[in-house]
1. State the number of residues belonging to region 105-146 that are in contact (Cβ under 8 Å) with a residue 24 or more places away in the chain and not in a loop (DSSP other than H, G, I, E, B).
2. Which ones in region 294-308 are assigned to a strand (DSSP E or B) and within 9 Å of the ligand (Cβ to nearest atom)?
3. State all residues of region 157-180 that are among the β-branched types (Val, Ile, Thr) and near the ligand (Cβ under 9 Å from one of its atoms); if no residue qualifies, say none.
4. How do the pairs read when you match residues in region 60-83 that are in contact (Cβ under 8 Å) with a residue 40 or more places away in the chain with residues anywhere that are among the small types (Gly, Ala, Ser), using Cβ under 7 Å and keeping only pairs 6 or more apart or on different chains?
5. In this structure, is residue 251 outside the structural domain of residue 97 (by TED's automatic domain parsing), within 16 Å of the ligand (Cβ to nearest atom) and either more than 23 Å from residue 106 (Cβ to Cβ) or surrounded by 17 or more Cβ atoms within 10 Å (Cβ to Cβ) (or both)?
6. Can you name the residue in region 135-156 that is within 16 Å of the ligand (Cβ to nearest atom) and of a type in the set (Val, Ile, Thr) and, of all such residues, is surrounded by the fewest Cβ atoms within 10 Å (Cβ to Cβ)?
7. If I filter region 278-291 down to residues being within 24 Å of the chain's Cα centre (by Cα) and open to solvent by less than 60 Å² (accessible area, probe 1.4 Å), which single residue comes out as farthest from residue 311 (Cα to Cα)?
Amino acid sequence: MDRFLIRGGNPLYGDIHIGGAKNVALTVMPCALLTSETLSLKNVPDIADIRTMCALLDQHGIDISTDPKDKHHLSFKGDITNTEAPYNIVSKMRASVLVLGPLLARCGKARVSLPGGCAIGTRPVNLHLDALTALGAKIEIDGGYINAVAPKGLTGNKFVFPFVSVGATENTIMAACLAKGRTELINAAREPEICDLIDCLIAMGAKIEGKGTGRLIIDGVKALHGAEHSVLFDRIECGTYACAAGITGGELRLINGQASYMGSVIHALEEAGVEVFQEENALRVRRTGTLRGIDIITEPYPGFPTDMQAQFMAMLSISEGASMISETIFENRFMHVPELNRMGARINVHGSSAIIRGVHSLSGAPVMATDLRASFSLILAGLAAAGETNLNRIYHLDRGYEAVDTKLSACGAKIERIKSN
Ligand code: UD1
């Protein structure tokens, strides 16, 4: 297993290119199952989760080609030859369940392995199934698989999400596009990733109203056609590198970053003492003074994203005063805490809240990545810490961040990927 060796203490200065959003790419790629024509996607990040989604779509019968001049431009075309999403792929990546809605809508049947729990929580898919059932699907769980059928196709209906789910909203929107009649979704997720999915579907001929609100109206169409779509920038990658400027006391230009898509993250950065400036095609972030402790509660968009919680915790660990972070989305998302404490942080967890008492400095240590965002919180701590940090199990990081060491090194970080034998 590869690891990162980080020698901390250098403020970061320079430009970092923010790529396309992993969580957009993972929902627009399954849209290829909704048409027999070509779906051409630009700005797709080159990361392990995308390769997993490609493997899944490939075994459903979709041909995938990469533009020889641009590895971030992928085209998808083909007829579905297999409606089963097997355990060996779904168990690697939960977002695989996003093929369920498109397969069911297009083929009238789908068999998708249940994803099971993951490191950050149990993460059930009951809302995905309830919403598709409301559209007329008959769903059974058998042998660890979701067996869904709709022999006469899906039919539009009203569905109220009892709480906000990004994935369930995505699956239902995709399915509703090919359902007969009108679907009304209440309490739908409003994340920028959902808005970008809607833009892609509209480009494919879908009829969707209410983008960016909690009430979506989808009028089903007989067929969708091919389209070209460019994936939105990754607001989580952008926020993560903003924390890198914050924790090291440097200044970074985050190319493609747009504050208007980042919800309350911008306010949290500013409150903590990180200045943010929107430039024409970049977000410039810098810290010149001390970091200040702040309180954060994770919430659906436009609230503070759970995917930014670990990175802020690392940054706040060296702030003046105390901070409190409450996690309301996932039940087990503080696994980075013991690792940060091994580097000298003073963090206590009480149920779903963590109290962070700022310390003057961190010290490098061998640490272990536990999930994608937690991995980056340990990189951030390592960049600010005195001495060497060895970050193990970086395959978690490779799932969602492209070229981390290259991007950080170009801005003055001392970070090296050590390949395992
Ligand atoms: C997506 C993102 C993930 C982000 C999360 C919350 C992708 C690929 N992943 O995950 O990075 O952290 O949104 O912003 O886009 N839940 C249920 N039943 C369901 C579905 C969800 O109980 O059927 C619960 C989950 O366990 C969780 C909460 O609802 O507690 C929100 O989850 P959800 O928004 O669905 O997250 P994902 O779509 O899995």
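1. Number satisfying all stated conditions: 19.
2. Of everything in region 294-308, just one residue is assigned to a strand (DSSP E or B) and within 9 Å of the ligand (Cβ to nearest atom), namely 298.
3. 164, 166, 169
4. 72/20; 76/32; 78/61; 79/36; 79/61; 80/61
5. no
6. The extreme case among them is 141.
7. My answer is 282.
For (1) over 22 Å from the mean Cα position of the chain (by Cα); (2) of a type outside the set (A, V, I, L, M, F, W, C); (3) exposed (fewer than 15 other Cβ atoms within 10 Å of the Cβ), each residue gets a yes or a no:
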{"residue": "20", "(1), (2), (3)": "no, yes, no"}
{"residue": "24", "(1), (2), (3)": "no, no, no"}
{"residue": "42", "(1), (2), (3)": "no, yes, no"}
{"residue": "48", "(1), (2), (3)": "no, no, no"}
{"residue": "65", "(1), (2), (3)": "yes, yes, yes"}
{"residue": "78", "(1), (2), (3)": "yes, yes, no"}
{"residue": "85", "(1), (2), (3)": "no, no, no"}
{"residue": "92", "(1), (2), (3)": "no, yes, no"}
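The values are calculated or read from the model by the stated rules, or taken from the named source; none is laboratory data. On a predicted model such as this, the values are computed, not experimentally measured, just so you know. Positions of Cβ are backbone-derived with ideal geometry, glycine not excepted, and every protein chain shown enters the neighbour counts. Side chains are part of the model used for accessible areas, which takes the heavy atoms of the whole protein and leaves out ligands, DNA and RNA. Shrake-Rupley method; radii C 1.70, N 1.55, O 1.52, S 1.80 Å.
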